[in-house]
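Take a look at the structure set out below.
Just so you know, all these numbers are worked out from the coordinates, no wet-lab data involved. None of the values given here were measured: they were computed from a predicted structure. FYI the Cβ positions are ideal-geometry reconstructions off the backbone, even for glycines, and counts take in every protein chain you see.
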Amino acid sequence: MYICSCNPFTDKDLDKALKNEAVKKKTSDIYKACTGGEKPCCGSCICEVRDRINAHNEEITAMAAE
Ligand code: FES
């Protein structure tokens with residue numbers, strides 16, 4: 001499923017970018033990894049991307065606390 005249609009990348013691309021290192025990520029990290037450095041255009045995908053980044057970062061925080 002496409003997450004971003006302006007700089008097309010899918011949910012699989014996003015998951016791959018999130019899980020390539022077990023470190024907290026920022027929105028810019030994800031766009032850089034998924035689009036080759038393009039910046040968001042319309043912003044329609046930002047909420048979905050941020051939700052997934054937040055879930056990933058919470059997972060990293062939980063793993064660090066164990
Ligand atoms: S849908 Fe991602 S920037 Fe427009």
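If you take the square roots of the eigenvalues of the alpha-carbon gyration tensor of the chain and sort them as a ≥ b ≥ c, do you get rounded (a/c under 1.5), prolate (a/b over b/c) or oblate? It comes out prolate by the Cα gyration axes.
Under the rule of at least 5 residues apart or a separate chain, name every residue whose amide H is placed under 5 Å from the amide H of Phe9. So Phe9 has HN proximity to Ile3, Cys4.
Sequence-ordered 3J(HN,Hα) estimates for region 39-54 from the Karplus curve with 6.51, -1.76 and 1.60 and θ = phi - 60° stand at 9, x, 9, 7, x, 4, 8, 4, 4, 5, 5, 5, 4, 5, 5, 4 Hz, glycine and proline given as x. Cross-link partners for Lys32 among the aspartates and glutamates, with Cα-Cα distance under 19 Å and sequence neighbours closer than 8 places in the same chain left out: Asp11, Asp13, Asp15, Glu21, Glu48, Asp51. Each residue of region 10-17 is assigned a 3J(HN,Hα), and the resulting list reads 9, 4, 5, 4, 5, 4, 4, 5 Hz, derived from the Karplus form 6.51 cos²θ - 1.76 cosθ + 1.60 (θ = phi - 60°), x at Gly and Pro. A Förster radius of 22 Å combined with the Cβ-Cβ distance from Asn54 to Tyr2 puts the calculated FRET efficiency at roughly 0.60.
Taking label points 7 Å from Cα along the Cα-to-Cβ direction, Glu38 and Glu21 give a separation of 2.4 nm.
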